1. Just one of the numbered conditions (1) of a type in the set (A, V, I, L, M, F, W, C); (2) closer than 26 Å to I489 by Cβ; (3) in a helix (DSSP H, G or I) is not true of L406; which one?
2. Can you work out which of the residues in the range 289-318 that are of a type in the set (S, T, N, Q) and in contact (Cβ under 8 Å) with a residue 24 or more places away in the chain is farthest from L264 (Cα to Cα)?
3. Give me a count of the residues in the range 62-96 that are farther than 20 Å from K158 by Cα and either assigned to a loop (DSSP other than H, G, I, E, B) or not assigned by TED's automatic domain parsing to the domain that holds V22 (or both).
4. Taking into account only those residues within the range 14-32 that are touching a helix residue (DSSP H, G or I) at 6+ places or on another chain (Cβ under 6 Å) and within 24 Å of T103 (Cα to Cα), which is surrounded by the fewest Cβ atoms within 10 Å (Cβ to Cβ)?
5. How about the range 445-462: which of its residues are free of Cβ contacts under 8 Å to residues at least 12 places away in the same chain and assigned to a helix (DSSP H, G or I)?
6. Considering only residues that are touching a helix residue (DSSP H, G or I) at 6+ places or on another chain (Cβ under 6 Å) and not in a helix (DSSP H, G or I), which ones fall in the range 120-140?
7. Give the number of residues within the range 50-61 that are surrounded by 15 or more Cβ atoms within 10 Å (Cβ to Cβ) and not in a helix (DSSP H, G or I).
8. Every residue in the range 319-339 that is touching a residue at least 24 places away in the same chain (Cβ under 8 Å) and either exposed (fewer than 14 other Cβ atoms within 10 Å of the Cβ) or aromatic (F, W, Y) (or both), please.
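The values are calculated or read from the model by the stated rules, or taken from the named source; none is laboratory data. What you see is a predicted model, and the numbers here were worked out from it, not measured in a lab. Here Cβ is always computed from backbone atoms with ideal geometry, including for glycine, and neighbour counts include all displayed protein chains.
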Amino acid sequence: MISQILTACTIGLDVYKILVEVDINNSLPAVSIVGLPDLSITEARERVRSAIKNSGFEFPNKKIVVNLAPADIKKEGSGYDLPIAIGILTKNNIIQKPDYTDTAFIGELSLDGSLRAVTGVLPIAAGLKKLGIKTLIVPAENAKEAAIIQGLTVIGAKNLAEIVNHFNTDSPEHIKIKPTTVDINDYMQQKTEQDGYFDFKDVKGQLKAKRAMEIAAAGAHNLLMSGPPGSGKTLLAKCFSSILPPLTFDESIELTKIYSISGLLNPNRPLITSRPYRSVHHTASAIGIIGGGTNPKPGEITLAHRGVLFLDEFVEFPRSVLEVLRQPLEDGKIVIARAKMRLEFPSDFILLAAMNPCPCGYLGDSEKHCTCSEYQIKQYRSKLSGPLLDRIDIVIDVPRLKLDELMNKTDIKAETSEQIRERVIKARNIQLERYKGLGIYTNSELTPKLIKKYCILDEAGTNMLKDAVKKFNLSARAYDRLLKLARTIADLAESENIQALHIAQAIQYRSNT
């Protein structure tokens with residue numbers, strides 16, 4: 001009778017249950033692994049052989065056939081080492097009283113039998129729980145990560161021998177491994193090293209830019225800053241995360257799954273508790289931004305999900321790279337299509353971008369004269385297409401600081417990030433209550449149908465909006481986004497209806513596009 005061991009794999013963010021079947025028969029000694037394995041799984045033959053021998057167990061000198069079912073799913077990664085080894089030990093009667101009912105295994109083996117951490121454990125744990133699995137055995141380094149999923153018994157083992165002793169209840173050296181537990185509340189209250197590192201109180205002047213960022217944070221709107229070098233655009237962007245509302249537990253789990261699959265999860269902090277801030281260099285490729293590759297992985301826009309994607313030197317990015325942002329900015333997700341698969345990754349992020357107004361950087365500057373020709377300026381700005389700018393809600397100028405602002409070491413009038421954040425949270429709570437049960441959380445997610453319902457204007461606001469559409473030749477998308485922006489400004493003012501002054505302020509932020 002063959003041995004059957006449960007494990008799982010991830011394709012994108014989806015989890016699939018995999019059955020590892022092991023058979024041993026009297027034939028020439030060999031290990032054969034079938035079921036669409038990649039090279040890392042094929043190499044598991046030698047890792048498993050050495051791990052079993054160096055753990056003090058006998059490796060069968062026979063023909064071993066390992067099947068990874070279902071056979072039509074491509075398997076990759078080193079997480080199959082442990083279930084293959086357990087299957088061989090069970091079939092060889094080394095694990096004498098196996099009880100694998102509702103139990104799954106995942107982990108990479110070292111040659112000495114110790115277990116190494118693998119990626120994607122959290123989404124696998126969550127997926128297996130939904131499939132009815134009650135116990136998951138993982139490397140000790142992954143135990144806290146898997147234990148975040150409540151209602152699942154997680155066993156963290158340091159080596160193969162520990163697992164054998166765990167199941168061999170009659171063994172004299174039997175040691176039962178205690179399940180790993182975590183306190184979710186402790187993780188949610190933890191602060192990262194960056195928390196409080198950048199604060200708006202340290203940004204001198206730039207009151208208009210700060211106000212624009214408050215609006216962007218309150219409604220999850222995209223924002224573009226334009227200004228000369230050294231005016232504070234990058235510092236403003238770094239401070240932006242400090243005014244975003246805290247993550248909910250569901251958002252934390254969603255983000256942690258993404259970072260787990262990407263192999264970016266800190267084993268000492270198995271739960272992402274702060275909104276991500278991803279700053280990308282302008283040499284990044286389109287695949288690096290949106291994700292993909294031979295075995296598709298999340299890109300920067302997915303790693304920035306529920307947080308911020310900051311693109312400094314915006315126009316220095318190749319136009320082909322910038323244009324791939326159009327669909328995710330509109331839909332909040334990215335679909336990666338391949339010949340044999342179609343994967344969908346979430347990408348609901350706030351785009352922050354910064355640029356100089358011209359190649360030399362000093363167009364419109366009050367102190368330095370611009371040396372660029374009209375042709376150079378036109379070519380420089382041509383990388384930003386109309387459809388891309390249409391998806392940016394707020395465009396602001398960040399001018400050079402005046403001397404008295406620059407020399408002022410302490411600005412007692414400057415608001416702290418915490419003060420601004422309180423207003424942002426209050427506005428977000430208004431939106432959460434308004435859109436309860438609709439599947440959206442912020443004003444930026446409003447559909448045309450919902451805009452008609454929640455963005456009602458009085459006569460003065462309607463007339464002002466008509467004049468703006470005619471004067472600036474706004475597209476239908478820009479018209480909708482202007483209404484969403486006005487809705488956020490009204491929420492910050494705790495106004496139930498959108499008034500003319502809210503429309504006027506929204507137009508001010510849209511007029512630069």
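1. L406 satisfies all of (1) of a type in the set (A, V, I, L, M, F, W, C); (2) closer than 26 Å to I489 by Cβ; (3) in a helix (DSSP H, G or I) except (2).
2. Ranking the candidates gives N295 first.
3. Step one: of the range 62-96, the residues farther than 20 Å from K158 by Cα are 62-76, 91-93, 96.
Within this subset, residues satisfying the condition of being either assigned to a loop (DSSP other than H, G, I, E, B) or not assigned by TED's automatic domain parsing to the domain that holds V22 (or both) are 62, 70-74, 76, 92-93, 96.
Summing the residues that are farther than 20 Å from K158 by Cα and either assigned to a loop (DSSP other than H, G, I, E, B) or not assigned by TED's automatic domain parsing to the domain that holds V22 (or both) in the range 62-96 gives 10.
4. Of the residues in the range 14-32, the ones touching a helix residue (DSSP H, G or I) at 6+ places or on another chain (Cβ under 6 Å) are 15, 20, 22, 24, 31.
Filter once more, so that each one left must be within 24 Å of T103 (Cα to Cα): 15, 20, 22, 24.
Working: V15: 21, V20: 26, V22: 24, I24: 17.
Taking the candidates together, the pick is I24.
5. Within the range 445-462, K449, K452, K453, E459, T462 qualify.
6. Taking the range 120-140 and keeping what is touching a helix residue (DSSP H, G or I) at 6+ places or on another chain (Cβ under 6 Å), we get 120-123, 125, 136, 138.
The answer is G120, L136, V138.
7. 4
8. Going through the range 319-339, the residues touching a residue at least 24 places away in the same chain (Cβ under 8 Å) turn out to be 319-326, 328-330, 332, 334, 336, 338.
Those that are touching a residue at least 24 places away in the same chain (Cβ under 8 Å) and either exposed (fewer than 14 other Cβ atoms within 10 Å of the Cβ) or aromatic (F, W, Y) (or both): R319, S320, E330, R338.
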